[in-house]
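Participant: I have a structure I would like to understand better, so I am pasting it below and will then ask my questions one at a time.
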């Protein structure tokens with residue numbers, strides 16, 4: 001496998017960054033938020049469009065312990081709905 005040309009390798013540019021930017025910019029499709037139905041539908045649509053059968057989720061460490069517990073409970077509801085629909 002061949003790497004990027006030397007000028008790109010030294011530039012510090014990130015592939016997802018806008019042209020000329022040196023920082024990563026989070027695109028709208030990289031964050032899914034909402035109620036259980038909206039999140040389930042958005043994930044199912046992205047997986048279908050990408051042909052993906054697996055999902056990686058990351059919850060940054062910015063929530064309190066109680067908020068994390070609520071988030072995890074909601075996430076489990078989303079997972080159950082995705083599994084029920086074959087995702």
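The values are calculated or read from the model by the stated rules, or taken from the named source; none is laboratory data. No experiment lies behind these values; they were computed from the predicted model shown. Here the Cβ is made from the backbone with ideal geometry for all residues, glycine too, and neighbour counts use every protein chain on show.
Participant: Within the range 49-60, track down each residue that is without any contact (Cβ under 8 Å) to a residue 12 or more places away in the chain and closer than 19 Å to residue 76 by Cβ.
Facilitator: Passing the criteria: 54, 56, 58, 60.
Participant: So how many residues does the range 48-58 have that are out of contact with any helix residue (DSSP H, G or I) (no Cβ under 7 Å at 6 or more places or on another chain), surrounded by 10 or more Cβ atoms within 10 Å (Cβ to Cβ) and not in a helix (DSSP H, G or I)?
Facilitator: Total meeting the criteria: 1.
Participant: Provide a single number: the residues in the range 59-87 that are over 15 Å from residue 36 (Cβ atoms) and part of a loop (DSSP other than H, G, I, E, B). Please lay out each step first, then the result.
Facilitator: First, the residues of the range 59-87 that are over 15 Å from residue 36 (Cβ atoms): 59-69, 86.
Within this subset, residues satisfying the condition of being part of a loop (DSSP other than H, G, I, E, B) are 59-64, 86.
Residues that pass the stated criteria total 7.
Participant: Only one of these is at negative phi and in contact with a helix residue (DSSP H, G or I) (Cβ under 9 Å, 6 or more places away or on another chain): 69, 44. Name it. Outline the logic, then answer.
Facilitator: Details: 69 fails: in contact with a helix residue (DSSP H, G or I) (Cβ under 9 Å, 6 or more places away or on another chain).
So the residue among 69, 44 that is at negative phi and in contact with a helix residue (DSSP H, G or I) (Cβ under 9 Å, 6 or more places away or on another chain) is 44.
Participant: Test each condition in (1) at pLDDT below 90; (2) surrounded by 12 or more Cβ atoms within 10 Å (Cβ to Cβ) for residue 44 and report the one that comes out false.
Facilitator: (1)
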